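**Student:** I'd like to ask some things about the structure below.
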Amino acid sequence: MSCIKIEKMILKNFKCHNNFETDIKQLNILTGSNASGKSSFVQALLLAFKSWEECEKKKIGTNKIYGMNLGIPLNIVSEDLEQKNIEIQIFINGNENRVVLGLPDDNDELCFDICNCDEIMEVKEQECNLSKMHLFFLNAERKGPRIVSHINDIIPFSVGNTGENTSYILSEMDKFQKINSGFQLPNDLKISEIDRFSANCEAWLNVIIPDTKIRYSVDIEKNITTLMLQNQGEFHLPVATGFGITYVLPIIVQALVASMIENSVLVVENPEAHLHPLSQSRLGKFLALIAVNGVQVVIETHSEHIVDGCRIQTAKERQCENMKILFFEKKDNNSICHDIDVQDNGELEEWPKGFFDQKRADLRELLEMRRCGE
């Protein structure tokens with residue numbers, strides 16, 4: 001569906017990524033130990049998009065990048081390099097989209113200078129560039145259960161970086177489909193007998209968390225939305241159902257919206273939060289199917305069940321060449337990234353030390369304890 005794709009990303013002097021380069025595929029999974037560079041990769045991607053969006057201002061604030069506060073610029077620049085400019089290069093269909101960010105004169109100022117504004121404005125005139133893509137980002141710290149949600153900072157087709165506008169987008173998409181018959185989900189993602197956006201969202205939620213239904217209402221005059229959830233019983237407010245459903249619903253809604261919009265990029269942090277392993281695996285399969293249907297997907301996760309679900313679905317779809325895993329680890333205060341490709345049968349081409357091997361290590365320790373106990 002999409003005709004514009006990110007093919008490569010290069011980072012220079014960004015936090016722990018002194019000189020980082022990787023190819024980007026249709027489905028990209030970032031994993032690895034804590035503080036190893038995964039979040040920095042995501043932040044650099046978001047900062048590049050935001051810098052292109054606001055390049056005419058010649059400055060880019062660092063305290064509100066798609067809802068994230070990155071801190072002061074001085075702390076974003078790599079500590080051990082003399083060069084104090086950050087460079088982010090994103091290649092789209094063979095074309096370089098570059099952002100060069102310089103430190104402000106005041107070290108406490110919460111913004112970078114965009115040093116190559118004129119270059120960005122020139123590249124924006126070309127057909128394949130960053131401004132032609134639609135970025136959707138869901139933060140790891142999503143909104144928990146609420147009795148009501150306020151409608152704030154509406155961005156077209158976005159549930160919000162914390163999922164705060166999920167119910168509102170459900171309502172808007174249902175209305176939009178009625179007036180635009182060409183705005184439809186890809187056939188692979190239509191699993192409800194009712195051809196309505198919210199009905200398909202509910203059907204996918206029911207796949208990931210069985211026996212779950214949703215009901216929403218929107219009060220524009222009061223600027224609030226209400227969501228009701230059913231899980232093997234009566235409909236209840238989200239506060240009576242726990243965090244799992246509330247955390248995963250924005251991902252489902254945003255992913256399905258993205259599948260209806262050309263040139264979409266979906267970035268999700270920790271999709272596994274508050275989910276049972278079965279649901280994590282099914283969510284991985286769902287996100288892989290979203291990627292197969294045209295959305296470029298970037299997932300940051302600590303869940304082997306998410307990874308395995310993605311591997312299974314891409315193998316079923318015969319799309320393993322379009323999936324890769326970026327495994328980050330920290331060595332000598334530097335971030336090291338291992339690119340792990342996926343074979344046609346879903347198997348990984350390599351299994352580096354530290355890559356989801358803790359279960360085997362724990363089992364060995366238990367066996368050793370049992371042996372010593374005998």
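The values are calculated or read from the model by the stated rules, or taken from the named source; none is laboratory data. Owing to the predicted nature of the structure, the values given are computational and were not obtained by experimental measurement. Here the Cβ positions follow ideal geometry from the backbone for every residue, glycine too, while neighbour counts run over all protein chains shown.
**Student:** Return yes when residue 255 is outside the structural domain of residue 183 (by TED's automatic domain parsing), part of a helix (DSSP H, G or I), under 17 Å from the mean Cα position of the chain (by Cα) and crowded, with 24+ Cβ neighbours inside 10 Å and no when it is not.
**Tutor:** no
**Student:** Search the range 1-40 for residues being small (Gly, Ala, Ser) and at positive phi, and hand back the single one that is surrounded by the fewest Cβ atoms within 10 Å (Cβ to Cβ).
**Tutor:** Filtering the range 1-40 for residues that are small (Gly, Ala, Ser) and at positive phi, the one surrounded by the fewest Cβ atoms within 10 Å (Cβ to Cβ) comes out as 35.
**Student:** I would also like to ask the following. Given the residues 176, 197, 183, 157, which is the only one that is without any contact (Cβ under 8 Å) to a residue 24 or more places away in the chain and of a type in the set (Phe, Trp, Tyr)?
**Tutor:** 176
**Student:** Going through 217, 149 one at a time, which residue ends up being surrounded by fewer than 17 Cβ atoms within 10 Å (Cβ to Cβ), modelled with pLDDT under 95 and farther than 23 Å from residue 263 by Cβ?
**Tutor:** Result: 217 is the single residue among 217, 149 that is surrounded by fewer than 17 Cβ atoms within 10 Å (Cβ to Cβ), modelled with pLDDT under 95 and farther than 23 Å from residue 263 by Cβ.
**Student:** Within the range 109-147, work out how many residues are touching a residue at least 12 places away in the same chain (Cβ under 8 Å) and over 18 Å from residue 253 (Cα atoms).
**Tutor:** 22
**Student:** For the range 44-54, which residues satisfy the criterion of being buried (at least 22 other Cβ atoms within 10 Å of the Cβ) and either closer than 22 Å to residue 284 by Cα or among the hydrophobic types (A, V, I, L, M, F, W, C) (or both)?
**Tutor:** 44, 45, 47, 48, 49, 52
**Student:** May I ask you to list the residues in the range 62-86 that are buried (at least 18 other Cβ atoms within 10 Å of the Cβ) and either acidic (Asp, Glu) or touching a helix residue (DSSP H, G or I) at 6+ places or on another chain (Cβ under 9 Å) (or both)?
**Tutor:** Answer for the range 62-86, where residues must be buried (at least 18 other Cβ atoms within 10 Å of the Cβ) and either acidic (Asp, Glu) or touching a helix residue (DSSP H, G or I) at 6+ places or on another chain (Cβ under 9 Å) (or both): 62, 65, 66, 68, 70, 76, 86.
**Student:** Looking at the structure I just gave you, is residue 120 of a type in the set (Val, Ile, Thr) and in a helix (DSSP H, G or I)?
**Tutor:** Here the answer is yes, as residue 120 does meet what is asked.
**Student:** While we're looking at this one, here's another question. Regarding residue 359, is this residue in a strand (DSSP E or B) and farther than 24 Å from residue 266 by Cα?
**Tutor:** Judged against the criteria, residue 359 is not a match.
**Student:** Quick one: in the range 98-111, which of the residues that are at pLDDT 95 or above and out of contact with any Cys (no Cβ under 8 Å at 6 or more places or on another chain) is nearest to residue 59 (Cα to Cα)?
**Tutor:** Among them, the one singled out is 99.
**Student:** Which members of the range 87-108 meet the condition of being in a strand (DSSP E or B), without any contact (Cβ under 8 Å) to a residue 60 or more places away in the chain and not acidic (Asp, Glu)?
**Tutor:** Matches in the range 87-108: 95, 97, 98, 99, 100, 101, 102.
**Student:** Name the single residue that is surrounded by the most Cβ atoms within 10 Å (Cβ to Cβ) among those in the range 310-338 being over 19 Å from residue 5 (Cα atoms) and among the charged types (D, E, K, R).
**Tutor:** 311
**Student:** Does any residue in the range 61-79 that is under 17 Å from residue 49 (Cα atoms) and in contact (Cβ under 8 Å) with a residue 40 or more places away in the chain come within less than 8 Å, Cβ to Cβ, of a residue that is of a type in the set (Ser, Thr, Tyr) and not in a helix (DSSP H, G or I) six or more places away or on a different chain, and which pairs are these?
**Tutor:** Cβ pairs passing all conditions: 67/162; 76/62.
**Student:** Let me ask something additional. If I filter the range 41-75 down to residues being of a type in the set (A, V, I, L, M, F, W, C) and part of a loop (DSSP other than H, G, I, E, B), which single residue comes out as farthest from residue 125 (Cα to Cα)?
**Tutor:** That would be 72.
**Student:** Which residue is nearest to the chain's Cα centre (by Cα), if the candidates are limited to the range 15-29 and must be under 26 Å from residue 73 (Cα atoms) and of a type in the set (S, T, N, Q)?
**Tutor:** 22
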